[in-house]
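The values are calculated or read from the model by the stated rules, or taken from the named source; none is laboratory data. Values in this document were obtained by computation on a predicted structure and should not be read as measured data. Neighbour counts are summed over all protein chains in view; Cβ atoms, including those assigned to glycine, are modelled from backbone coordinates with ideal geometry.
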Amino acid sequence: MRKVSVFGATGSIGESTFDLLMGQGGAEAYDVVALSGGRNVARLAEQARALKADIAVTAFDDCLPALREALAGSGVQAASGAQALIEAAHRPADWIMSGIVGAAGLAPGFAALSQGTTLALANKESLVTAGPLLMAEARAHGATILPVDSEHSAIFQGLVGEEIGAVERVIITASGGAFRDWPLDRLAQATVAEASSHPNWNMGQRITIDSASMFNKALEVIEAKEFFGFAPEQIEVLVHPQSIVHSIVGFRDGALMAHLGVPDMRHAIGYALNWPERQALPVARLDLVAIGSLEFRAPDTERFPALRLAREVMATGGLSGTVFNAAKEIALDLFIAGRIGFLQMAALVEAVLEDTSKGQGLGIAAVDLDMVLDCDAEARARAKAISEQGRI
Ligand code: NAD
Ligand code: MG
């Protein structure tokens with residue numbers, strides 16, 4: 001039986017993964033090693049019981065007593081904290097879902113790669129924060145990384161049987177998020193509730209708000225550079241409001257290969273779970289006649305500066321992705337807490353990048369994970385300080 005672990009099992013990606021595992025035979029078909037979650041220990045315990053996991057890990061120590069209680073009599077071990085997550089990721093498994101949100105997913109992802117596993121990577125922040133190190137870790141241990149972000153899964157599928165050298169460009173599609181058609185003055189007043197509802201995808205709150213600000217697309221452009229090794233100028237963004245075309249690969253003969261499907265993450269997760277085979281998946285089938293026509297338009301970097309910042313990050317390289325992601329995570333925390341406005345998120349990230357470039361230099365490449373984590377912590381502190389000083 002294939003051994004599998006799911007990190008971030010209680011989140012949006014995690015629930016879709018759980019659903020697919022249950023649908024493909026559950027504990028009868030998979031030897032489930034570790035599941036992880038956060039504060040929702042009741043749900044984590046329920047999943048661990050259903051899949052007969054060896055261990056369930058909550059990220060937070062104060063949640064451990066409740067997790068223990070919820071698992072009483074199940075035979076599932078309980079553990080908590082960042083170190084326990086890393087230890088769980090070291091437990092041998094053939095397939096591991098990296099579905100934690102934010103840079104918190106980085107260390108467990110590294111630990112998983114070090115055992116030469118197949119890592120289904122939803123956690124795009126790890127590639128933005130530490131792309132070259134993560135890819136090198138995979139190579140060093142003979143591990144495989146399969147992209148789960150829908151756009152990157154689409155590109156990955158478009159490349160099957162092709163030579164990477166034959167690729168001229170990739171076109172990453174963007175729904176445009178909740179505020180696609182909002183004018184700039186209205187964006188300034190956008191509330192957390194308004195930003196937390198996506199027109200097409202049902203996702204966790206953080207990525208949903210990142211979609212509204214286009215920071216999600218900014219992360220994805222950098223993710224494409226780090227994962228596939230494309231040059232920045234090969235990566236284009238196209239607004240496609242319906243989220244039917246998940247991305248497009250353009251080849252040197254001018255051909256474009258597009259990946260189409262309904263907006264349901266179980267496709268990309270299921271593809272990674274069954275790779276290199278394709279299995280039947282419980283996703284709705286597209287009715288192109290009902291859809292009738294597909295719309296495309298250019299992205300607007302005036303209203304959504306995140307895309308411009310992503311270009312700057314790719315041009316600078318080195319630790320700039322680490323700083324960009326960390327500052328973005330703090331900006332998002334502050335927006336959710338009602339401390340800064342919607343447009344101030346991009347202003348804060350830009351200010352942190354500018355301040356950092358005056359110091360030790362953003363272009364220096366990280367030599368190890370500790371250097372990345374130090375830089376991440378510094379950028380977070382800097383973002384908080386800039387916001388407290390009222391500089392944005
Ligand atoms: P989510 O908020 O729904 O779930 C996040 C999971 O991580 C939960 O299990 C939560 O308990 C856990 N978690 C939160 N903070 C943690 C911490 N500090 N340490 C350890 N675990 C923690 O998020 P999501 O929408 O499922 O997104 C997960 C990842 O997948 C993100 O990187 C996101 O960008 C990426 N992604 C998500 C979607 C989607 O459809 N939701 C699509 C593409 C990519
Ligand atoms: Mg995506």
In the set Ile86, Ile96, Ile100, the lone residue that is under 27 Å from Thr144 (Cβ atoms) and assigned to a helix (DSSP H, G or I) is Ile86
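Conditions (1) buried (at least 20 other Cβ atoms within 10 Å of the Cβ); (2) away from ligand 2 (no atom under 16 Å from the Cβ); (3) within 25 Å of Pro147 (Cβ to Cβ), marked per residue:
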{"position": "Ile13", "(1), (2), (3)": "yes, no, yes"}
{"position": "Met22", "(1), (2), (3)": "no, yes, yes"}
{"position": "Leu35", "(1), (2), (3)": "yes, yes, yes"}
{"position": "Gln77", "(1), (2), (3)": "no, yes, no"}
{"position": "Gly81", "(1), (2), (3)": "no, yes, no"}
{"position": "Ala120", "(1), (2), (3)": "yes, no, yes"}
Scan the stretch 107-116 and tell me whether some residue there is under 23 Å from Thr17 (Cβ atoms), of a type in the set (Ser, Thr, Tyr) and away from ligand 1 (no atom under 13 Å from the Cβ). yes
Of the residues in the stretch 164-177, those that are modelled with pLDDT of 95 or more and within 14 Å of ligand 2 (Cβ to nearest atom) come to Val170, Ile171, Ile172, Thr173, Ala174, Ser175
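Under the condition of being of a type in the set (Ser, Thr, Tyr) and not in a strand (DSSP E or B), which residue from the stretch 146-177 is nearest to ligand 1 (Cβ to nearest atom)?
Initial filter on the stretch 146-177 (of a type in the set (Ser, Thr, Tyr)): 150, 153, 173, 175.
The next check asks that each one be not in a strand (DSSP E or B); those that pass are 150, 153, 175.
Numbers: Ser150: 6, Ser153: 9, Ser175: 12 Å.
Among residues in the stretch 146-177 that are of a type in the set (Ser, Thr, Tyr) and not in a strand (DSSP E or B), the one nearest to ligand 1 (Cβ to nearest atom) is Ser150.
Just the residues that are surrounded by fewer than 19 Cβ atoms within 10 Å (Cβ to Cβ) and either closer than 25 Å to Ser213 by Cα or of a type in the set (Phe, Trp, Tyr) (or both), please, taken from the stretch 351-372. Quick ask: steps written out before the conclusion?
The first filter runs over the stretch 351-372 and keeps only residues surrounded by fewer than 19 Cβ atoms within 10 Å (Cβ to Cβ), leaving 354-355, 357-361, 363-365, 367-371.
Residues satisfying the conditions are Glu354, Asp355, Ser357.
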Cβ pairs under 6 Å, 6+ apart or interchain, first in the stretch 96-116 and under 15 Å from Ala84 (Cβ atoms), second within 16 Å of ligand 2 (Cβ to nearest atom) and in a loop (DSSP other than H, G, I, E, B), ordered by first then second residue, are Ile100/Gly8; Ile100/Asn123; Gly105/Asn123
Of the residues in the stretch 333-381, those that are among the charged types (D, E, K, R), over 28 Å from Ala111 (Cα atoms) and touching a helix residue (DSSP H, G or I) at 6+ places or on another chain (Cβ under 9 Å) number 3
Taking the stretch 178-215 and the residues there that are within 16 Å of ligand 2 (Cβ to nearest atom) and free of Cβ contacts under 8 Å to residues at least 40 places away in the same chain, the one that is surrounded by the most Cβ atoms within 10 Å (Cβ to Cβ) would be Ser211
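With Ala268, Ala258 as the choices, which residue is small (Gly, Ala, Ser), in contact (Cβ under 8 Å) with a residue 24 or more places away in the chain and away from ligand 2 (no atom under 14 Å from the Cβ)? Explain how you work it out, then say what you get.
Numbers: Ala268 fails: away from ligand 2 (no atom under 14 Å from the Cβ).
Being small (Gly, Ala, Ser), in contact (Cβ under 8 Å) with a residue 24 or more places away in the chain and away from ligand 2 (no atom under 14 Å from the Cβ) holds for just one of Ala268, Ala258, which is Ala258.
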